[in-house]
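Peer 1: The structure follows.
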Amino acid sequence: KAVFYDFGEFRLDVMNCRLLKNGTPVQITHKSFEILHELIEKRDRMLRKEELLNKIWNDCYVEEATLTQHIYMLRKVLQQNGNVYIETIPKNGYRFVASVREVLPETENLNETN
């Protein structure tokens, strides 16, 4: 499993539940982090709205509008230079469309200097 997902100027730090832009933490809610993490991990396919709702809010009922609001906030945070990271598939779901570099624990340790 990756410990970091790098895309554009961003890094998703899975272990610390943080989103970084050029190394600086970006404020997002925990649920938004979970949605982004899920979209990135399953970027090879579209995630249905119901699938995201069940995964992120598995223990309670929330309306689809809640998911839509989180996607809107994520797009606002990720918006830069016209890059599109999250694609909407009308009436169905969402897909993460940017190229992602997975950083595994052993790769990250190689980059550290003593």
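Peer 1: Considering only protein heavy atoms, with the full assembly of protein chains and a 1.4 angstrom probe, order LYS55, LYS49 by accessible area, largest first. Don't skip to the answer; put the middle values down first.
Peer 2: Details: LYS55 115, LYS49 30 Å².
Ranked list, largest accessible area first: LYS55, LYS49.
Peer 1: Quick check: pseudo-label points 7 Å beyond the Cα along Cα→Cβ at ASP44 and LEU104, how many nm apart are they?
Peer 2: In this crude spin-label approximation the distance works out to 1.5 nm.
Peer 1: Something else: Apply the Karplus parameterisation 6.51 cos²θ - 1.76 cosθ + 1.60, with θ equal to phi minus 60°, to every residue of region 47-53 and state each ³J(HN,Hα) to the nearest whole Hz, in sequence, with x for glycine and proline.
Peer 2: 9, 5, 4, 4, 5, 5, 4
Peer 1: Restrict the search to region 18-94; then list the GluC sites (Glu not before Pro) that DSSP places in a loop and that have at most 12 other Cβ atoms within 10 Å of their Cβ.
Peer 2: On the way: sites: GLU34, GLU38, GLU41, GLU50, GLU51, GLU63, GLU64, GLU87; in loops: GLU63.
Those that pass, being in a loop and sparsely packed, are GLU63.
Peer 1: Is the C-alpha gyration tensor of region 9-75 telling us rounded, prolate or oblate? Criteria: a/c under 1.5 is rounded; beyond that, a/b larger than b/c is prolate, otherwise oblate.
Peer 2: On the way: a/c = 1.96, a/b = 1.65, b/c = 1.19.
Prolate is the answer for region 9-75, as a/c is 1.5 or above and a/b outweighs b/c.
Peer 1: Still on this structure, please answer the following. Apply the a/c threshold of 1.5 to the C-alpha gyration tensor of the chain and tell me whether it is rounded, prolate or oblate. Each step should come with its number before you reach the end.
Peer 2: Numbers: a/c = 1.88, a/b = 1.67, b/c = 1.13.
Verdict is prolate for the chain.
Peer 1: Percent relative contact order of region 19-102, based on C-alpha pairs within less than 8 angstrom and at least six residues apart?
Peer 2: On the way: 70 pairs, mean separation 28.3, N = 84.
34 percent.
Peer 1: Angle, helix 64-78 long axis vs. longest principal axis of the chain, Cα atoms, 0 to 90°, nearest 10?
Peer 2: Result, in degrees: 30.
Peer 1: So which lysines pass the test for LYS76, namely a Cα distance under 17 Å, with those fewer than 8 places away in the same chain ruled out?
Peer 2: LYS21, LYS31
Peer 1: On to the next question. Taking the Cα atoms only, what angle lies between the long axis of helix 30-41 and the longest principal axis of the chain, rounded to 10 degrees?
Peer 2: 80 degrees
The values are calculated or read from the model by the stated rules, or taken from the named source; none is laboratory data. Please read all numbers here as calculations on a predicted model, not as lab measurements. Glycine gets a Cβ as well: all are built from the backbone with ideal geometry, and neighbour counts include every protein chain shown. Each accessible area value is taken on the protein alone, full model and side chains, heavy atoms only, with ligands, DNA and RNA left out. Shrake-Rupley method; radii C 1.70, N 1.55, O 1.52, S 1.80 Å.
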